[in-house]
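Heads up, the thing below is written out as structure tokens.
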Amino acid sequence: MSAPDPRAAALDEAAQSTSGARLADLASHEDAEVRAAVAGNPRVTPETIDELAYDEDWRVRAAAAVNRATGSFSLGELTRDDDVRVRERVAVHPGLSVKDLERVLRDDDWRVRAAAAGNPAAPDRALDQASEDEHWQVRASVAANPVCSMVLLRTLATDDDWRVRAAVAVNASTPSEVLAALIVDGDVGVREAAQRPGAGEDWSVSDDRHTAPRTFVEGDPPPTG
């Protein structure tokens, strides 16, 4: 019989424990993946998650960035993180303040702006500005945002990039007359999207109609733009 793996046991406990005290102990574990599991645990205490939001390993900070238990102050700090992968993740957090959302919508990296543009908590004025972004991924995220205004949806339905128009087509808030126009769009990708509203395609991160949505993987160099 093989001996139990202490690292695997620590990972399981960090992810599943409901004890705030035990999670606080595991938050100082030498293994970054264990600390990241603690940071992603919804039962972690505010004090512990605040500590992990400043961890030296980006994976730990990224886990804290998407935890609903993370407080507003730590979320604000994470929007200023040096690693784009952390900022991209915190940009979709529903607990971001308007000020912090506006900050990530002005981020230097389009990936962060695209993530923030899809956040339903984004204010109208920020979405209006994001709808004019030079990167189609950002405009498509605005178009797919469930709180995107009808006025903005009508504007984005005429965007030069077919992927933005396709994102409008799958938004449940798109007016019927706009959807009718997209059904006869000159691009087959838009027509297909308009005929299957709500199909769930992530138009904000897919580079073309044949590729899977892009996600960061461990080892990615932090993108710069």
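The values are calculated or read from the model by the stated rules, or taken from the named source; none is laboratory data. Fair warning: this is a prediction, and the values are worked out from it, not measured in the lab. Here the Cβ positions follow ideal geometry from the backbone for every residue, glycine too, while neighbour counts run over all protein chains shown.
Worth pointing out:
- Filtering region 67-78 for residues that are part of a helix (DSSP H, G or I) and of a type in the set (Asp, Glu) leaves a non-empty set.
- Counted residues, region 52-69 - those being crowded, with 16+ Cβ neighbours inside 10 Å and at pLDDT below 95: 1
- Residue match in region 7-19 (condition: crowded, with 20+ Cβ neighbours inside 10 Å, at negative phi and polar (S, T, N, Q)): no
- Residue that is farther than 22 Å from Gly95 by Cβ, in contact with a helix residue (DSSP H, G or I) (Cβ under 7 Å, 6 or more places away or on another chain) and not acidic (Asp, Glu), where the choices are Ser28, Ser17: Ser17
- When the criteria are applied in full, Ala121 meets the requirement of being part of a loop (DSSP other than H, G, I, E, B) and either over 10 Å from the mean Cα position of the chain (by Cα) or in the same structural domain as Asp55 (by TED's automatic domain parsing) (or both).
- Test for Pro42: is it under 27 Å from the mean Cα position of the chain (by Cα) and part of a loop (DSSP other than H, G, I, E, B): yes
- Looking only at residues of region 131-160 that are within 22 Å of the chain's Cα centre (by Cα) and charged (D, E, K, R), we find that the one that is surrounded by the most Cβ atoms within 10 Å (Cβ to Cβ) is Arg139.
- Boolean, Ala24 is part of a helix (DSSP H, G or I), small (Gly, Ala, Ser) and surrounded by 23 or more Cβ atoms within 10 Å (Cβ to Cβ): no
- Among the residues listed as Asp100, Asp107, Asp133, the single one being within 15 Å of Ala65 (Cβ to Cβ), in a loop (DSSP other than H, G, I, E, B) and of a type outside the set (A, V, I, L, M, F, W, C): Asp107
- Filter result for Val38 (under 30 Å from Arg125 (Cα atoms), out of contact with any strand residue (DSSP E or B) (no Cβ under 8 Å at 6 or more places or on another chain), hydrophobic (A, V, I, L, M, F, W, C) and touching a residue at least 24 places away in the same chain (Cβ under 8 Å)): no
- The sole residue among Leu127, Leu101 that is farther than 18 Å from Ala193 by Cβ and under 13 Å from the mean Cα position of the chain (by Cα) is Leu101.
- Residue check for Asp107: modelled with pLDDT of 95 or more, surrounded by fewer than 22 Cβ atoms within 10 Å (Cβ to Cβ) and under 16 Å from the mean Cα position of the chain (by Cα): yes
- Sole exception among (1) within 29 Å of Leu105 (Cα to Cα); (2) surrounded by fewer than 16 Cβ atoms within 10 Å (Cβ to Cβ) for Pro4, by number: (1)
- Filter result (of a type in the set (Gly, Ala, Ser) and farther than 23 Å from Pro94 by Cβ) within region 130-157: Ala157
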